[in-house]
1. In the range 85-103, how many are of a type in the set (Ser, Thr, Tyr) and either surrounded by 20 or more Cβ atoms within 10 Å (Cβ to Cβ) or within 9 Å of the chain's Cα centre (by Cα) (or both)?
2. Considering only residues that are at pLDDT 95 or above and among the charged types (D, E, K, R), look in the range 1-39 and name the one that is surrounded by the fewest Cβ atoms within 10 Å (Cβ to Cβ).
3. Give the residues of the range 63-84 that are touching a residue at least 40 places away in the same chain (Cβ under 8 Å), part of a helix (DSSP H, G or I) and surrounded by fewer than 17 Cβ atoms within 10 Å (Cβ to Cβ), sorted by residue number.
4. Which of (1) assigned to a loop (DSSP other than H, G, I, E, B); (2) at pLDDT 90 or above; (3) under 14 Å from the mean Cα position of the chain (by Cα) does residue 114 not meet, given it meets every other one?
5. Which of the residues that make up the range 89-111 are part of a helix (DSSP H, G or I) and under 11 Å from residue 144 (Cα atoms)?
6. Tell me, yes or no, whether the range 20-32 has at least one residue that is in contact with a strand residue (DSSP E or B) (Cβ under 6 Å, 6 or more places away or on another chain), in a helix (DSSP H, G or I) and small (Gly, Ala, Ser).
Amino acid sequence: MKQKKINTPTLKTERLILRKFAKFDLKALFNILSDEKINEYLPWIKIENIEEAEFFLKERFLDYYNLENAFRYAVCLKEDNIPIGYVWLSNDSSHDLGYGLRSDYWNKGIISEAALKIVELLSKTNIGYITATHDINNPASGKIMEKIGMTYKYSYVEQWMPRTKK
């Protein structure tokens, strides 16, 4: 079955708007990516300046919006529609789910709510599965995976050190 063209359609939940990032979201994305707590368990170094955030915005979001199929979301509260996090699905065969949320919004079910809505959308496509990984020292990320219906399959030792900045 051929995948119908679908690229990050706007979705809404009770509390959230899930939408494409736009150039005007640069400051909000910088606030997400420069949050040291978020980046502790991610495979990249904390963003240090607005230029790095601009590159990340283009490379990880805006460029994907030119593809036939992509799922790259800004997670915004309905009250102000300003990004406080993101959820994305890789465009390779792993269909790897990734997410990040400003630490001042942790433990409120926001990413679980956003990811559930995206999984609901994915169930209407020919994407038959998604994958995700989390750092063993970040069990809260694993709880999100459980809440959206994922099941544990295996553990592995990372073969590379994802970040070093001196």
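1. Step one: list which residues in the range 85-103 are of a type in the set (Ser, Thr, Tyr), which gives 86, 90, 93-94, 99, 103.
Cutting the leftovers down to either surrounded by 20 or more Cβ atoms within 10 Å (Cβ to Cβ) or within 9 Å of the chain's Cα centre (by Cα) (or both) gives us 86, 99.
Residues in the range 85-103 being of a type in the set (Ser, Thr, Tyr) and either surrounded by 20 or more Cβ atoms within 10 Å (Cβ to Cβ) or within 9 Å of the chain's Cα centre (by Cα) (or both): 2 in total.
2. 14
3. Taking the range 63-84 first, the residues touching a residue at least 40 places away in the same chain (Cβ under 8 Å) are 64-65, 67-78, 81-84.
Cutting the leftovers down to part of a helix (DSSP H, G or I) gives us 64-65.
Listed by number, the list holds a single entry, 65.
4. It is condition (1) that residue 114 fails.
5. Pass one, the range 89-111, residues part of a helix (DSSP H, G or I): 103-105, 110-111.
110, 111 - these are the residues of the range 89-111 that are part of a helix (DSSP H, G or I) and under 11 Å from residue 144 (Cα atoms).
6. Yes, that holds for at least one residue.
The values are calculated or read from the model by the stated rules, or taken from the named source; none is laboratory data. Nothing here was measured: the structure is a model prediction, and the numbers come from that model. When we count neighbours, we look across all protein chains shown, and the Cβ atoms used for this are built from the backbone with ideal geometry, even at glycine.
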